[in-house]
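Working notes, structure below.
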Amino acid sequence: MPEKFIINGENKLKGEIEARGAKNVAFPVLVASLLTDQDCVIDNLPLIEDVFKIIEIIKSMDVDVQWIGPRKVKINAKNINPNKIKKELVSKLRGSISLFGALLARFHKANLPQPGGCVIGSRPITTHLDAFKQLGITVTPETNSFSLKIDDPKPATVILNEFSVSATLNVLIYASLVPGQTTIKIADQDYQTQELVKVLNKMGAKIKIHPFNTITVDGVKKLKGFNYKLIYDPIEAGTFILLAGATKSNLIVKNVEIELLDLVLKKLKDFGLIFKQLDKSTIEVMPSHNVKIEKIQALPYPGMSTDLLPLFGVWATQTEGMTLLHDPLYEGRLKYLEELNKMGANIIFSDPHRAIIPGPTPLYGVEINSPDLRGGASLIVGALVAKGETVINNIYQIDRGYEKIEERLQKIGADIKRVS
């Protein structure tokens, strides 16, 4: 039965909240375990819907997956059978796209549907397919799926069409099991990529990240198992910091990967948020009343993450003056702003990628829908700011990326409950 959140706003939040394991690192690392017939142990997994789904997909291929701790799994893919994969799950999960690289590396062929995920605009896999073609792989479109095959894998130079995180991860996974040196240009170098490189190097590949967004992969014939603990989620930590800013609350955020949020923290300081670093992974945010954003734009790493932009969009309704919000990456990313307008915001849409947000604007509780994962998280923040009761439907989208979010927010004073 579909669930929803009922939230009563205007409470000041206080206390401590911590980030869980990094969702966007979990996907490629779990998929990397399919490259070897040895045991792989992955710790600090966030207990969220998307992680459960990718594990279910992996198990459907007769891969042995054992939970050996509350957030820890041991995976052995010695008996993997890709013909048994649950394709209906693949089609619902964007993170499953890395399976193309793993199955091609292990079996030299893959037949999978186009992965699904958040509806935040056009997210074709053409960059992935183009990269595989550059590696000599034959790509055959079929009804609602793609068939990829290669007879004699060889290293090559791949020039990606864009700074694609998932395409970079896919090529890294594939090339690690292809002997010789593969070069990836226009490669993403975000935290997901950096962490996957660490894991693949543990497995026996020799991968180096170079200047000018270039990565070289010296692949090998056989990879070993690994033990790895996920870093904490910088997007979740950023969500909680911005939550404190928007609600003008005193909040301590723990497990902050501070070096991955350099630009975010600088911008927050520039905008007028009052906060201090208590130790190497803890940020305390104080109530801040004279905040002015003016302009915020999503950019590829090391620029501002597109996943954090929706939180800035909500915060901008409570700051002084006009804010220009620009997300050039996804034309559907701003859908959550339509829900904020239902709550009383006066947001003007310049085009699918840009919006002008005046503030401060009072928000009022109404019934709204979560359009996607990050937009849904931002609407929770909007509801905590708003006067009265807000009902948020389609919260499955939020559960995909935030573990038991209502229970964690209740502990810092939020009036939020989950109902069927």
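Since every read-out is calculated from the coordinates, none of them should be taken as a lab result. Small disclaimer: the values here were computed from a predicted structure and weren't measured. Cβ coordinates were reconstructed from backbone atoms using ideal geometry, including for glycine residues, and neighbour counts include every protein chain displayed.
Summary table
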| item | result |
| --- | --- |
| Under 14 Å, Cβ to Cβ, from residue 400 - net charge with Lys/Arg +1 and Asp/Glu -1 | -3 |
| Contact order normalised by residue count of region 23-229, Cα under 8 Å, 6+ apart, percent | 21 |
| Burial ranking of peptide ranges 34-47, 213-226, 74-87 (average Cβ count within 10 Å, highest at the top) | 34-47, 213-226, 74-87 |
| Charge tally in the Cβ shell below 15 Å around residue 270, where Lys, Arg are +1 and Asp, Glu are -1, residue 270 excluded | +2 |
| Karplus-derived 3J(HN,Hα), 6.51/-1.76/1.60, for each residue of region 143-155, Hz, glycine and proline x | 5, 6, 7, 10, 10, 10, 8, 9, 8, 9, x, 9, x |
| Of 253, 290, 392, farthest towards positive along the dipole that unit charges on Lys, Arg, Asp, Glu beta carbons give the chain | 253 |
| Stokes-Einstein D in µm²/s, Kirkwood radius over Cα pairs - region 23-229 at 25 °C with 0.890 mPa s viscosity | 147 |
| Net charge dipole size for the chain [Lys, Arg +1 and Asp, Glu -1 on Cβ; Debye, nearest 20] | 840 |
| Span per principal axis, largest first, for the Cα atoms of the chain (Å) | 62, 46, 41 |
| Likely footprinting exposure, 67, 315, fewest C-beta neighbours within 10 Å first | 67, 315 |
| Whole-Hz couplings from phi, Karplus 6.51/-1.76/1.60, listed for region 174-186; x for Gly and Pro | 5, 5, 5, 10, 10, x, x, 9, 9, 10, 10, 10, 6 |
| Residue order, fewest to most surrounding Cβ atoms within 10 angstrom, among 166, 249, 378 | 249, 166, 378 |
| Point-charge dipole on Cβ atoms (K/R +1, D/E -1) for region 23-229, about Cα centre, debye to 20 | 360 |
| Value of [θ]222 nm, deg cm²/dmol, for the chain, DSSP H segments ≥ 4, -39500 (n - 2.57) each, nearest 500 | -9000 deg cm²/dmol |
| Local electrostatic count at residue 218 - Lys and Arg +1, Asp and Glu -1, tallied over other residues with Cβ under 9 Å | +2 |
| Selected from 34, 76, 125, residue furthest toward positive end of dipole (region 23-229; charges at beta carbon) | 76 |
| Cβ charges +1 (Lys, Arg) and -1 (Asp, Glu), total dipole of region 329-389, debye | 140 |
| Karplus-derived 3J(HN,Hα), 6.51/-1.76/1.60, for each residue of region 210-217, Hz, glycine and proline x | 10, x, 6, 6, 10, 10, 10, 10 |
| Helix 23-32 axis, angle to the chain major axis (alpha carbon atoms, nearest 10°) | 10 |
| Sorted by Cβ density within 10 Å, fewest first, the residues 333, 20, 354 | 354, 20, 333 |
